[in-house]
Amino acid sequence: MPRLQTNCFILFYLWIPLALLILSTFSLGACTVGAQENPYIVAYDHNLEEPGSLEIEYFSTIGTQRSGPSYHAYWTEFEYGATAWWTTELYLAGQTTFGDSTVFTGYRWENRFRPLKNEHFINPVLYLEFEDINGADKIMKEVEGHDVESDYLTPNAAARREKKREMEFKLILSKNYKGWNFTQNTIASKNLTNEPWEFGYALGASRPLAMKGAAHRCNFCRQHFIAGVEMYGGLGTRYSFGLHDTSHYLAPGLAWNLPSGWTFRIEPSFGLNGQSHQFMLRWGASYEISGFGRMVGNLFKGRK
Amino acid sequence: MRLTTSVAISLLIIVNSALVLWAQEGSKTKEPTTVYDELKKVPEKYRAKENPLPGDLQATPAGGVLFEEHCEECHGKGAVGGKKAPSLRVPEVQQATPGALYYILTNGVVRKGMPVWSKLPEPQRWQLVSYLKSLGVAGPASDSAKTP
């Protein structure tokens, strides 16, 4: 019975984006614009969401474990461009561990701020996140501290009892240069209970397969494909800073940005040391609704 | 404990919604004159930049496709202005140098709602400039120039 309840919970939360999408597209007369998303799943660059646009994203990670069952972790993001310098985002996450159970693992609320007006040699973005998750969370949206493969072996029933309320800070330094994007994220997070600061990093580089746009509308033109690679891992804690007992990953990826507003990403990830998962397959689909803020505003304005 | 968490979450949602409204209102009310004034602020170094695609016959149609995909939602069909952003077919824009338009595309006007488009590779930004310059002037500036 409890398993049935958790499954219903998962279905309820993770199908919200689809329902919203259908509502927005067919009921509110949504406009969509071609996105230009990089293939990163962990690293962030300095490109924020366009103001008033809502991006609904679904991501999935299938992870293997050497001493335990594989798992499927998934999350949904609602990313909204509040202004051209501020993007705010809500995540809902869950996971299924094969041979165990399916659980809802919590939510995150993140904000990204662009402090500088213009493009510079390096473009900083400040990232601030509050997360209320449980110990069964396996989405690996970031790797920090001493996160290692063996942490994921605890059965869901026991793991979900552990509550994690954390604040996470990132300094995102990114640059677009001759079609390339280079980005570096420094991560610091603090569990709001009495636990030490944890640190991590993510690096990324990506480039479209063609630099010029085609003179006709097309879905399969090379300019719509962006290839890249990211590397991410933990850097220990305040009291044991360094690479000892940490996990690290290298992940080549590809993003396909369709003019209709859809973006698809795929990213096989390879563990780089004995503490990392050997292999994870990550993929995602997202849809951008332009002018969402204005449409919602119009709902409450009344007719002129 | 459950009650405290619920109150905290509710407060977070209220504060977030208020901040979104404040930020959006703030960006609307702090307009000094028109958004076209941003073109006057472009540094001379960028203003003098030449479009590297002058002889490229594909540049204008390709720019048109890019405009449809990324700009039309705000600037309207044919760049005549939309609910969110001003017309780009006014003399201020059409008489601006290609370098000035490229600069605005690259840097955006972040505080006034125009996003940064440096995520488009340089050749695509120049294709957009070629398309914009090919449009010519169409009627007077719309009111939306005051609210991007």
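Placing one equal scatterer on every Cα of the stretch A:135-184 and applying the Debye formula, the log10 ratio I(q)/I(0) at q = 0.13 Å⁻¹ is -0.50. Mean per-residue shielding of peptide A:81-90 is 6, counting Cβ atoms of other chains within 10 Å of each Cβ. Kirkwood hydrodynamic radius of the stretch A:2-301, from the reciprocal of the average inverse Cα-Cα distance over all distinct pairs: 20.0 Å. For B:Lys133, a cut-off of 16 angstrom between C-alpha atoms picks up these lysines, skipping any fewer than 8 places away in its own chain: B:Lys49, B:Lys77.
Mind checking the angle between helix A:2-14 and chain A's longest principal axis? C-alpha axes, 0 to 90 degrees, to the nearest 10. Around 30 degrees separate the two axes. Assuming R0 = 30 Å, can you tell me the calculated FRET efficiency for the pair B:Ser134 and A:Phe300, based on Cβ-Cβ distance, to the nearest 0.05? Efficiency computed from Cβ-Cβ geometry: 0.15.
Partner lysines whose Cα lies under 17 Å from the Cα of B:Lys83, excluding those fewer than 8 positions away in the same chain, are identified as A:Lys301, A:Lys304, B:Lys28, B:Lys112, B:Lys146. Between A:Trp197 and A:His244, the modelled label-to-label distance comes to 2.0 nm, taking each label 7 Å out from Cα in the direction of the beta carbon. Think of each Lys and Arg Cβ as +1 and each Asp and Glu Cβ as -1; about the Cα centre, that makes the dipole of chain A roughly 860 debye.
Applying the criteria of a DSSP loop state and at most 14 other Cβ atoms within 10 Å to the chymotrypsin sites (Phe, Trp or Tyr not before Pro) of the stretch A:33-140 yields A:Phe98, A:Phe121. In a DSSP loop and with at most 15 other Cβ atoms within 10 Å, the GluC sites (Glu not before Pro) in the stretch A:145-198 are A:Glu162. Ignoring lysines fewer than eight residues from A:Lys163 along the same chain, the ones with Cα atoms less than 26 angstrom from its Cα are A:Lys138, A:Lys141, A:Lys190.
The eigenvalues of the Cα gyration tensor, multiplied by 5 and square-rooted, give the stretch A:150-259 an equivalent ellipsoid with semi-axes of 37, 17, 13 Å from largest to smallest. Can you give the relative contact order of chain A as a percent, counting alpha carbon pairs under 8 Å and 6+ residues apart? Computed over chain A, the figure is 21 percent.
Taking every residue in A:99-107 and counting other chain Cβ atoms within 10 Å of its Cβ, the average works out to 0. Axis of helix A:292-301 versus longest Cα principal axis of chain A: the two differ by about 70°, to the nearest ten degrees. Restriction of the trypsin sites (Lys or Arg not before Pro) in the stretch A:29-131 to DSSP coil positions whose beta-carbon has at most 14 other beta-carbons within 10 angstrom yields A:Arg66. Under a Gaussian network description of chain A, with springs only between Cα atoms under 10 Å, the residue in A:Lys141, A:Lys164, A:Lys212 that fluctuates furthest is A:Lys212.
Decide, for the stretch A:202-304, between rounded, prolate and oblate: order the square roots of the alpha carbon gyration tensor eigenvalues as a ≥ b ≥ c, take rounded if a/c falls under 1.5, and otherwise choose prolate if a/b is larger than b/c, else oblate. Judged from the Cα gyration tensor, the stretch A:202-304 comes out oblate (a/c at least 1.5, b/c at or above a/b).
The share of C-alpha pairs in the stretch B:33-146 whose separation exceeds 23 Å stands at 18 percent.
Computed from the coordinates by the stated procedures, all read-outs in this text should not be read as laboratory data. Since we're looking at a predicted model, the values are computed, not measured. Don't worry about glycine lacking a Cβ; one is built from the backbone with ideal geometry, like all the others, and counts go over all protein chains shown.
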